[in-house]
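Heads up, the thing below is written out as structure tokens.
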Amino acid sequence: MENKPLIEECLQLLEKLEKEFPDKPDLEALHSVTGIYATLKKYRDRINEFPPPVRLFCEFIYAAKCPAAEMATFLDYLRNHPVAFSSAEGGTFLEKRQRISAVAERAGLDPARVFHLVSMARLKGILNKKNDLAEDSAPLIVDYLG
């Protein structure tokens with residue numbers, strides 16, 4: 001549970017970044033980093049201070065934009081089956097898609113959504129190159145679901 005406060009703070013800062021970004025940019029304030037842009041820079045700087053695995057995990061959670069229950073189901077399944085999405089060398093796209101679809105069905109999730117989440121998780125380093133759960137991601141999932 002040592003990462004839980006970091007995860008919560010990082011997710012809050014990511015949300016503030018998105019919500020507080022002005023609809024109409026003020027190029028002068030942006031260039032001089034004053035006003036709201038100074039605040040946004042502080043948020044971004046703080047986010048960048050988090051350990052990379054925490055930051056990337058939070059960026060994955062936030063960017064997924066899926067309901068909390070759906071994310072929890074996906075992460076719980078991944079935690080309990082760390083090699084569920086493992087891909088064989090030389091496997092075709094269709095084989096990968098069918099394998100993910102079968103896993104999604106077992107997990108009770110929409111296959112298209114799971115395919116998207118797996119792709120995002122790999123981009124953010126939650127899954128390694130073989131689509132297995134990355135070592136440093138397992139404790140983050142435990143703390144997030146905790």
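How far, in degrees from 0 to 90, does helix 93-107 lean away from the longest principal axis of the Cα atoms of the chain, to the nearest 10?
With rounding to tens, the tilt is 90 degrees.
Counting other Cβ atoms within 10 Å, which GluC sites (Glu not before Pro) in segment 66-110 have at most 12 and lie in a DSSP loop? Walk me through the numbers on the way to the answer.
Details: sites: E70, E89, E95, E105; in loops: E89.
Answer in residue order: E89.
Based only on Cα atoms, what Rg/Rh ratio does segment 4-145 have, Rh being taken as Kirkwood's radius? Numbers along the way, then the final one.
Values: Rg = 17.6 Å, Rh = 16.5 Å.
Looking at segment 4-145, the ratio lands at 1.06.
What ranking of T92, T73 emerges when the number of other C-beta atoms within 10 Å of each C-beta is taken as an exposure proxy, fewest first? Each step should come with its number before you reach the end.
Working: T92 9, T73 16.
Final ranking by Cβ density, sparse to dense: T92, T73.
Cut-off is 10 Å between beta-carbons; in what order do V118, V142 appear when sorted fewest neighbours first? Mind showing how you got there, number by number?
Working: V118 23, V142 15.
Arranged by neighbour count, lowest to highest, V118, V142 become V142, V118.
Since every read-out is calculated from the coordinates, none of them should be taken as a lab result. Worth saying up front: this structure is predicted, and the values here are computed from it rather than measured. We place every Cβ from the backbone using ideal geometry, glycine too, and count neighbours over all the protein chains shown.
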